[in-house]
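Working notes for the structure below.
The values are calculated or read from the model by the stated rules, or taken from the named source; none is laboratory data. What you are looking at is a predicted structure, and each value in this text was computed from that prediction instead of being measured. Methodologically, a virtual Cβ is constructed for each residue, glycine included, from the backbone with ideal geometry; neighbour enumeration extends over all protein chains shown.
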Amino acid sequence: MPISKERYSTGATYADWVAAMTRNRERLEAAEKNIQIDPADIAVFKGLSRTTHVAVLAEDWCGDVIANLPVLARLSEESGKIDFRIFNRDQNLDLMDQYLARGEFRSIPVFVIMDHDFKEIGAFKERPDSVTKLRAEKRAQVYASDPAFGPPDSPVESLPEDVRARLQAALARSREETVPFANREVVRELREIFARAA
């Protein structure tokens, strides 16, 4: 069932959603500060002939939401051509279940991109496959870097506290290193979808 203009209007603005966050606000603000978008990409979004609408399914506990929602917010702010509203996934399962990842997973964020007349033109789900692949490679490298970490599929809770702390710090650094690439890939995928509305 398409998202109607009336339903869309009930979603939260970015400012209201951020104000209502109960966790990860600091991480979101850090992500906002670290976003760098190529001016050529901004120009593409500025060049859209009419305002587009994006219905976002999100939750503040999700790392991919914290990473990718600020990218959409920056594109919206810089281009002046993207209006978006946010719906908490768990309170809007009727919407979520129309956009399941691989037909079964309620993965978020989901950006449902619609033209000026609220006709759907595409959807972005969770994160680009290229980002998932790079992060898996980086994670494997972290585990291979120290035998004390054990195999990647072993429970982290079973590690001694000092080893667990080292592992978590190494994984956090590894993830941080992928942020510029991940942001570029999110913008690239969004460009491909938004091009259908141009």
Does Leu134 qualify as being of a type in the set (A, V, I, L, M, F, W, C), part of a helix (DSSP H, G or I) and not assigned by TED's automatic domain parsing to the domain that holds Trp61? yes
Return the total of residues in the range 77-94 being surrounded by 15 or more Cβ atoms within 10 Å (Cβ to Cβ) and either in contact with a Lys or Arg (Cβ under 6 Å, 6 or more places away or on another chain) or outside any loop (DSSP other than H, G, I, E, B) (or both). 9
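Condition check ((1) in the same structural domain as His116 (by TED's automatic domain parsing); (2) aliphatic (A, V, I, L, M); (3) assigned to a helix (DSSP H, G or I); (4) under 26 Å from Ile121 (Cβ atoms)) across all residues:
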{"residue": "Trp17", "(1), (2), (3), (4)": "yes, no, yes, yes"}
{"residue": "Leu28", "(1), (2), (3), (4)": "yes, yes, yes, no"}
{"residue": "Asp41", "(1), (2), (3), (4)": "yes, no, yes, yes"}
{"residue": "Leu48", "(1), (2), (3), (4)": "yes, yes, no, yes"}
{"residue": "Val56", "(1), (2), (3), (4)": "yes, yes, no, yes"}
{"residue": "Asp64", "(1), (2), (3), (4)": "yes, no, yes, yes"}
For the subset of the range 1-15 comprising residues that are in a helix (DSSP H, G or I) and of a type in the set (Ser, Thr, Tyr), which member is farthest from Leu69 (Cα to Cα)? Tyr8
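Tell me whether the range 108-115 contains one or more residues that are over 15 Å from the mean Cα position of the chain (by Cα) and touching a residue at least 24 places away in the same chain (Cβ under 8 Å).
Of the range 108-115, the ones over 15 Å from the mean Cα position of the chain (by Cα) are 114-115.
With touching a residue at least 24 places away in the same chain (Cβ under 8 Å) added as a condition, the list becomes 114-115.
Yes: one or more hits.
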Among the residues that make up the range 155-167, is at least one of them among the aliphatic types (A, V, I, L, M), within 18 Å of the chain's Cα centre (by Cα), closer than 30 Å to Lys33 by Cα and loosely packed, with under 14 Cβ neighbours inside 10 Å? no
In the range 95-105, how many residues are surrounded by fewer than 16 Cβ atoms within 10 Å (Cβ to Cβ), of a type outside the set (Asp, Glu) and either touching a residue at least 24 places away in the same chain (Cβ under 8 Å) or part of a loop (DSSP other than H, G, I, E, B) (or both)? 5
Any chance you could count how many residues in the range 1-33 are out of contact with any Lys or Arg (no Cβ under 9 Å at 6 or more places or on another chain), of a type in the set (S, T, N, Q) and loosely packed, with under 12 Cβ neighbours inside 10 Å? 2
Do we find that Ile121 is in a strand (DSSP E or B), more than 15 Å from Val65 (Cβ to Cβ) and out of contact with any Pro (no Cβ under 7 Å at 6 or more places or on another chain) in this structure? yes
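Mind checking which residues of the range 42-58 are of a type outside the set (Gly, Ala, Ser) and surrounded by 21 or more Cβ atoms within 10 Å (Cβ to Cβ)? Break it down into steps so the answer makes sense when it comes.
Keep residues of the range 42-58 that are of a type outside the set (Gly, Ala, Ser), which gives 42, 44-46, 48, 50-54, 56-57.
Matches in the range 42-58: Phe45, Thr52, His53, Val54, Val56, Leu57.
I'd like the full set of residues that are touching a Phe, Trp or Tyr at 6+ places or on another chain (Cβ under 9 Å) and either exposed (fewer than 15 other Cβ atoms within 10 Å of the Cβ) or within 24 Å of Asp60 (Cα to Cα) (or both), limited to the range 109-120. Lay out the reasoning, then the answer.
Pass one, the range 109-120, residues touching a Phe, Trp or Tyr at 6+ places or on another chain (Cβ under 9 Å): 109-114, 118.
Matches in the range 109-120: Pro109, Val110, Phe111, Val112, Ile113, Met114.
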